[in-house]
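Just below is one structure, and these are the notes that go with it.
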Amino acid sequence: MLIAMAALILWAGGYAVLCAVKPFAPCRRCDGLGTIERFGKTKMCPRCLGKKLRIRVGRRAHNAWRRTHQAGTR
Ligand SMILES: [Zn+2]
């Protein structure tokens, strides 16, 4: 149990650093290619619209928190 908790804390810390250093990750749908193959034809990825990147979930949460905090303070 203690090991599991330590691993979780370590993972969360590592993920926080990752979100701070690299806020963008490759698109999950196209694996960072920007295009997908469908019915034998190459199409622009509908998920990222050819941008090849997605914003990390942790970074999006941080951005939302910061926006809320900014709106709530003078
Ligand atoms: Zn994509």
Test: residue in the stretch 2-15 that is assigned to a strand (DSSP E or B) and surrounded by 10 or more Cβ atoms within 10 Å (Cβ to Cβ): no
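In the stretch 31-40, what residues are surrounded by fewer than 12 Cβ atoms within 10 Å (Cβ to Cβ) and of a type in the set (G, A, S)? Working first, answer last.
Kept after step one, since they are surrounded by fewer than 12 Cβ atoms within 10 Å (Cβ to Cβ), are these residues of the stretch 31-40: 31, 37-40.
Within the stretch 31-40, just G40 meets the criteria.
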Matching entry among R66, R56, R28 (being surrounded by 15 or more Cβ atoms within 10 Å (Cβ to Cβ) and at pLDDT 90 or above): R56
Qualifying position, being in a strand (DSSP E or B), at pLDDT below 95 and either within 12 Å of the ligand (Cβ to nearest atom) or surrounded by 13 or more Cβ atoms within 10 Å (Cβ to Cβ) (or both), among K51, K43: K43
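The values are calculated or read from the model by the stated rules, or taken from the named source; none is laboratory data. Everything numeric here is computed off the predicted structure, so don't read it as measured data. For neighbour counting, all protein chains shown are included, and Cβ atoms are generated from backbone atoms with ideal geometry for every residue, glycine included.
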